């Protein structure tokens, strides 16, 4: 009996020691290393701000405290970075990135050929939950969202696969809106500048948090107006101001199902991802470091100053949502894919 108890105690001690051993191994791996954090946007935009903020604090919480170096890799609505992480980046936990939520859905329901499979990327977590908006210049010739069904409005946008193209395409195809989309702007800063300079009358598929970061004056200057929320739930503040939801204009259950699938990317918010096949002990460490960094009181204070909305979602939760989306019925997926093809107006 004494021998049995002794054996059980040894097994218990080994089990308790294992997490510490794994932590030590992770710390040993990262100690003295440089970790690259890629950002799928141009400098100065909302995604860039989130990426650099996380980059500033996450190294403090990764065992071994590596140096984290942010680096921009814009292009193809975030798909350029997703493809790099999937195909090229080392699969050892020394490189990760923040991509657009549209890049998570693009291979499933998007319009462009991509070189990655987002369902196989590893998700560290998301920094916030997003709500997309259509924002127009006040001198645009529409007063309500219903007017967009009769009057053509020119929007500045990035590329297919990005929300600034996908959201107006969805509304044109499903609801009968008359958005005219001018593609090719490399990032949100350039899109906003085009609107300010009158090259376009507005932009859609832009996140609430991006507007708060880049253009807090847009809400008070009187030069711009939020026309509609492109979502099925809405932002609490905008709901209280009675800004309508595009979802409320859907006429059939099928249209609502398609819109729910397209809007699932808003829950992804600001997704941070790793390449496939990163060792699980490092995945666990990076996911924990991500969530710990987003609870850091100094990060939260800095986020408040920068008007960054922090609503973290764990990597495990984001991974489950991605799996759920990629498991949706083929009929809904097919309809959503058709609805996101932008056709020139």
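Considering the conditions (1) in a helix (DSSP H, G or I); (2) over 17 Å from residue 100 (Cα atoms), residue 225 is excluded by exactly one of them, (1).
Taken over region 50-101, the residue count meeting the criterion of being over 21 Å from residue 128 (Cα atoms), in contact with a helix residue (DSSP H, G or I) (Cβ under 6 Å, 6 or more places away or on another chain) and either touching a residue at least 40 places away in the same chain (Cβ under 8 Å) or part of a helix (DSSP H, G or I) (or both) is 2.
Evaluate region 238-255: report whether one residue or more is buried (at least 22 other Cβ atoms within 10 Å of the Cβ), outside any helix (DSSP H, G or I) and on the phi > 0 side of the Ramachandran plot. Explain how you work it out, then say what you get.
Taking region 238-255 as the starting set, the residues that turn out to be buried (at least 22 other Cβ atoms within 10 Å of the Cβ) are 246.
Checking the rest, the ones that are also outside any helix (DSSP H, G or I) come to none.
Checking region 238-255: not a single residue is buried (at least 22 other Cβ atoms within 10 Å of the Cβ), outside any helix (DSSP H, G or I) and on the phi > 0 side of the Ramachandran plot.
Does residue 245 qualify as being under 20 Å from residue 169 (Cβ atoms), in contact (Cβ under 8 Å) with a residue 12 or more places away in the chain, assigned by TED's automatic domain parsing to the domain that holds residue 207 and out of contact with any helix residue (DSSP H, G or I) (no Cβ under 8 Å at 6 or more places or on another chain)? Considered against the rule, which asks whether it is under 20 Å from residue 169 (Cβ atoms), in contact (Cβ under 8 Å) with a residue 12 or more places away in the chain, assigned by TED's automatic domain parsing to the domain that holds residue 207 and out of contact with any helix residue (DSSP H, G or I) (no Cβ under 8 Å at 6 or more places or on another chain), residue 245 comes out as yes. Of the residues making up region 21-49, those that are surrounded by fewer than 19 Cβ atoms within 10 Å (Cβ to Cβ) and in a strand (DSSP E or B) are 34, 36.
Only residues that are more than 20 Å from residue 117 (Cβ to Cβ) and without any contact (Cβ under 8 Å) to a residue 12 or more places away in the chain were counted in region 318-343, giving 1.
Out of 108, 136, 121, which single residue is in the same structural domain as residue 308 (by TED's automatic domain parsing) and modelled with pLDDT of 95 or more? Before you say what the answer is, go through the steps one by one.
On the way: 108 fails: modelled with pLDDT of 95 or more; 136 fails: in the same structural domain as residue 308 (by TED's automatic domain parsing).
The conditions single out 121.
The values are calculated or read from the model by the stated rules, or taken from the named source; none is laboratory data. Just so we're clear, the structure is a prediction, and the values are computed from it rather than from any experiment. No Cβ is skipped: glycine too gets one built from the backbone with ideal geometry, and neighbour counts run over all protein chains shown.
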